Amino acid sequence: MSEPTPVLALVDVSKSFGAVRALRGVRLELYAGEVHALAGENGAGKSTLVKTFAGVHRPDGGRILLGGEPVVFNSPADAQAAGVAVIYQEPTLFPDLSVAENIFMGRQPRGAFGRIDRTAMHAEAAGLFERLGVPMDPRRPARGLSIADQQVVEIAKAISRDAKVLIMDEPTAALTGQETARLFSVVKALREQGCALLFISHRLEEIFELCQRVTTLRDGQWIASETLEGLTPDDLVTRMVGRELDELYPKQDVEPGEVALKVSRLTREAAFTDVSFEVRRGEIVALAGLVGAGRSEVARAIFGVDRWDAGSVEVDGRPLKAASPTDAMAAGLALVPEDRRQQGLVMEMSIERNMGLTRLRALSRGPLISRAAERANAADWAVRLQLKYAKAGDAVGVLSGGNQQKVVLAKWLATEPSVLIVDEPTRGIDVGTKAEVHRLLSELAAGGLAVLMISSDLPEVIGMADRVLVMHEGRITAEIPREQATEESVMSAATGRYGKEAA
Amino acid sequence: MTTLTSVPPAHKAPKAEGGLLDLVLRARELSILGALIVLVAVTAIVNPRFLSAQGIEDIFLNASILVLLAVGQTLVVITRNIDLSVGSVVGLVAFVTGKYVSGDDRSVVMAILIGLAIGALCGLVNGLLVSFCGVPALVVTLGTLYVIQGIGYYIAQGDQINAADVPQSLLDLGSGGVLGVPYLPLIAVLVMAAVGYYLRAYPSGREFYAIGSSPEAARLAGVPIRRRVLTAYVVSGLLAGLAGVLWLARFGTVVADAAGGWELKVVSAVVVGGVAIVGGVGTVYGAALGALLLTTIGSVLVVLKVNSFWQDALTGLLLLLAISVDRLLALRMNRVLRKRSAHHGS
């Protein structure tokens, strides 16, 4: 039986950064007409592998084979010329230039005297979008495009270059369900046209839906390459973490205590209407709903980031002032925001400084911040949350997503809140760390904290919450107790189809 | 599907918004033109002599050198850089070429070539430092501003060039014309049109915008960033050199720091003309209009007998107004664009 030649392959590739061995003897073969998944926890070496393909990193050992022939990629341009296109999670486009120019920069169709033939360029771009089945005006500037549309532009660019290999590094992390579905149909069309695709995602169900084969990395080492048929998600998780994963949703049963957070008839114009609920000590209450249903807006209003127009919020029986985060913090509220990088952390600052940010007063001796107190505070929390880090003086930016989330949690838990609001606590976090974050939340609740968790991850909502509040178009449409919460019941409430009988 | 994410059904994508966007993008050029017309009209009503043939010619003559410099500066600013040394280059070139032509009857062409060479050399130094050594443009060109000025002082030794020493053929360049159109504005318009056409119609021209819009994306797209930035500085230097010779031709009497402070005037003109100081946006036409507007304001103040000290304050005010309008327009456009994305059912 003759094996087909892979379009692109890595053979025994190794790459080190200083003392860190990011890749050790990794192999990977991409075949035409196939979507190949790359699985592994954060820090397993996926990104390094992608950058090796993209010509950003040169491997220390091993070879890259292009159609069976060894090649060396010295720069991204080399990889592009060889037909390898990479689509990053957040594409880099020229915001001020038109979509068509973004696609054809440096390769514009030429008319007389070497001038750009704009008509031809726009027509070609329009043709590309037609092929992709996505409506987009090639003349509009790239500024203001959603991440999903930016990815489509990148894909169009790749197609226009006749890319044979398309590598997608976590393309779905920032997409809505509908956008993901559209991306998948584009990917499937490309596969049928004979493209070789490498797909990276933390969402196992996406891997199973889209891919034919999977290569798993763990700690920079190659673990397995196999067909997905006959594999279960649990098998894959086992390969990724190298052990049977402790339960992903380790929820402890807790008898709820007094009401810690009471929200009554809260309304904010054009965001949400008449939102009322309570969270008791020891409880994890999930706020579910579609993206744009107003969940994060409710959290922001409760915490005082945004003003509310009507209603009231009480923490431990004490009413909060509107639009005052200071008052909310003093009352014992803590908010772990959705976007770690933008709102949760100062990425360039050290781990210990980030952790100390919420309690600068407590860490001060006189008018100055005590470095010793700051360090002790950080060391204390690092142990309690099992933070994985090299030095507490390292910038937070070097940590993996899961560990960054722990730093945000530490920062807020240090204020000893009575109510913790977490917005998408495990977005973009690998499975192993996800379980740890869940264990942590469960322990915190068991310790008497009231937790309000906003999540778009349905299994997480169902696995972790004592009660599920579902929002639809700015209103709470259902309150579902833990026993009755299923993906179906939550989803139907979230889409506004929830009838009374389901409760 | 296990993630709770989907979006209400997409609306129909509205067509024919391309025209609107184009209009928003061109709003800057149009609004400056509008301001210019209003300014001229009001002044003409107050003082009809303002619109005499001589009056108009004066404005264009005065604006030409600023326009030339603004065109070069635009090229640099679009790549997210800045060239503060142009004022010094103009002064140095004006003095050195003045020295060269003084007394003897030297050819005009030779004088221009010398001016261009000095300007190009200055631009080359700026460009090499910025693009290859990676020193921030603001610092590099601030440094060369003083260095070039210093060289000028050293050569001049306190001397000045007198119009009487400058050959008539060169002075003609500053005041003469062809078919009633003076040379200076003619040169400025030709240069502006050439650079503007190049920036719009040629792939390499578009790369200047790409670099300023997102250096990272430009790198990934294989744009030769260093070469383009170097080119921008050399062109800016060349045009400053040309402007230096024309300065000598127009004024005749020149001291070493003749154009001191002009670098800021040029940057103001460019920004007022809608070139984003962070790069990626703007046209040489807008910059030229900005230069024309600033010059006209100067003339108008004279005609209206307003104390000329007000001119600087007004320039500053206009600058602030321009960036405020930019900001508003940007916010507005973002909103329109985002709405369009939503309508596309992304």
### Query
If we scan segment B:185-207, do we find a residue that is more than 15 Å from the chain's Cα centre (by Cα) and away from every other protein chain (no Cβ under 13 Å)?
yes
### Message
Of everything in segment A:460-503, what is over 18 Å from A:A299 (Cα atoms), over 24 Å from the mean Cα position of the chain (by Cα) and modelled with pLDDT of 75 or more? Give them in sequence order.
### Response
A:D466, A:I480, A:P481, A:R482, A:E483, A:Q484, A:A485, A:S489, A:S492, A:A493
### Task
Taking B:V300 as the residue in question, decide whether it is under 16 Å from the mean Cα position of the chain (by Cα) and either surrounded by fewer than 22 Cβ atoms within 10 Å (Cβ to Cβ) or closer than 26 Å to B:F208 by Cβ (or both).
no
### Query
Among all residue pairs at least 6 apart or on different chains, which show Cβ distances below 7 Å where the first residue, located in segment B:38-59, is at negative phi and the second is in a helix (DSSP H, G or I) and among the polar types (S, T, N, Q)?
B:L39/B:T296; B:V40/B:T296; B:F50/B:T43; B:D58/B:S299; B:I59/B:T295; B:I59/B:T296; B:I59/B:S299
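This table checks each residue for (1) without any contact (Cβ under 8 Å) to a residue 60 or more places away in the chain; (2) more than 13 Å from chain B (Cβ to nearest Cβ); (3) among the hydrophobic types (A, V, I, L, M, F, W, C); (4) surrounded by fewer than 20 Cβ atoms within 10 Å (Cβ to Cβ).
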{"residue": "A:A410", "(1), (2), (3), (4)": "yes, yes, yes, no"}
{"residue": "A:A414", "(1), (2), (3), (4)": "yes, yes, yes, no"}
{"residue": "A:P417", "(1), (2), (3), (4)": "no, yes, no, no"}
{"residue": "A:I421", "(1), (2), (3), (4)": "no, yes, yes, no"}
{"residue": "A:I429", "(1), (2), (3), (4)": "no, yes, yes, no"}
{"residue": "A:A445", "(1), (2), (3), (4)": "no, yes, yes, no"}
{"residue": "A:V451", "(1), (2), (3), (4)": "no, yes, yes, no"}
{"residue": "A:S455", "(1), (2), (3), (4)": "no, no, no, no"}
{"residue": "A:V461", "(1), (2), (3), (4)": "no, no, yes, no"}
### Query
Which residues, taken from segment B:180-194, are surrounded by 14 or more Cβ atoms within 10 Å (Cβ to Cβ) and not in a strand (DSSP E or B)?
B:Y183, B:L184, B:P185, B:L186, B:I187, B:A188, B:V189, B:V191, B:M192, B:A193
#### Entry: Test: residue in segment A:250-266 that is at pLDDT below 80 and surrounded by 13 or more Cβ atoms within 10 Å (Cβ to Cβ)
yes
### Message
Can you tell me how many residues within segment A:391-431 are polar (S, T, N, Q) and modelled with pLDDT of 85 or more?
### Response
1
#### Entry: Qualifying positions in segment A:268-294 - over 10 Å from A:L452 (Cβ atoms) and either of a type in the set (S, T, N, Q) or within 14 Å of chain B (Cβ to nearest Cβ) (or both)
A:T273, A:S276, A:A288, A:G289, A:L290, A:V291, A:G292, A:A293, A:G294
### Query
Any idea which of (1) surrounded by fewer than 22 Cβ atoms within 10 Å (Cβ to Cβ); (2) modelled with pLDDT of 85 or more is the one A:F272 doesn't satisfy?
(1)
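Working only within segment B:132-144, note down all residues that are among the aliphatic types (A, V, I, L, M) and under 17 Å from B:A120 (Cβ atoms).
The answer is B:V140, and nothing else.
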### Message
Between A:K51, A:K15, which is assigned to a helix (DSSP H, G or I), closer than 19 Å to A:I200 by Cβ and of a type in the set (K, R)?
### Response
A:K51
### Message
Among the residues of segment A:374-396, are any charged (D, E, K, R) and within 16 Å of A:G344 (Cβ to Cβ)?
### Response
no
#### Entry: Which numbered condition A:L387 fails, given (1) in a helix (DSSP H, G or I); (2) away from chain B (no Cβ under 14 Å); (3) at pLDDT below 85
(1)
### Query
So which residues in segment A:66-88 are farther than 20 Å from A:A22 by Cβ, outside any loop (DSSP other than H, G, I, E, B) and either within 14 Å of another protein chain (Cβ to nearest Cβ) or touching a residue at least 24 places away in the same chain (Cβ under 8 Å) (or both)?
A:L66, A:A77, A:D78, A:Q80, A:A81, A:A85, A:I87
### Message
Of the residues A:A100, A:A37, only one is in contact (Cβ under 8 Å) with a residue 12 or more places away in the chain, part of a helix (DSSP H, G or I), in contact with a helix residue (DSSP H, G or I) (Cβ under 9 Å, 6 or more places away or on another chain) and more than 10 Å from chain B (Cβ to nearest Cβ); which?
### Response
A:A100
## Note on the structure
By residue number, the members of segment A:104-123 that are within 39 Å of the chain's Cα centre (by Cα), more than 7 Å from chain B (Cβ to nearest Cβ) and aliphatic (A, V, I, L, M) are A:A120, A:M121, A:A123
### Task
Check off (1) under 29 Å from A:L38 (Cβ atoms); (2) without any contact (Cβ under 8 Å) to a residue 40 or more places away in the chain for A:V153 and give me the number that stays unchecked.
(2)
### Task
Those residues that are within 14 Å of chain A (Cβ to nearest Cβ) and not in a helix (DSSP H, G or I), I need them from segment B:218-259; list them, please.
B:A221, B:G222, B:V223, B:P224
### Message
Test of understanding: among A:P95, A:P91, which residue is in contact (Cβ under 8 Å) with a residue 60 or more places away in the chain and either in contact with an Asp or Glu (Cβ under 9 Å, 6 or more places away or on another chain) or at negative phi (or both)?
### Response
A:P91
#### Entry: Filter result (hydroxyl-bearing (S, T, Y) and under 23 Å from A:L449 (Cβ atoms)) within segment A:306-362
A:S312, A:S324, A:T326, A:T358
### Message
Taking the criterion of being without any contact (Cβ under 8 Å) to a residue 40 or more places away in the chain, surrounded by 17 or more Cβ atoms within 10 Å (Cβ to Cβ), hydroxyl-bearing (S, T, Y) and outside the structural domain of A:H438 (by TED's automatic domain parsing), would at least one residue in segment A:348-367 satisfy it?
### Response
no
#### Entry: Residues that are surrounded by 15 or more Cβ atoms within 10 Å (Cβ to Cβ) and part of a loop (DSSP other than H, G, I, E, B), drawn from segment A:330-347
A:G332, A:P337, A:E338, A:L345, A:M347
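The values are calculated or read from the model by the stated rules, or taken from the named source; none is laboratory data. On a predicted model such as this, the values are computed, not experimentally measured, just so you know. Cβ sites come from the backbone with ideal geometry, for glycine too, and all protein chains shown count toward neighbours.
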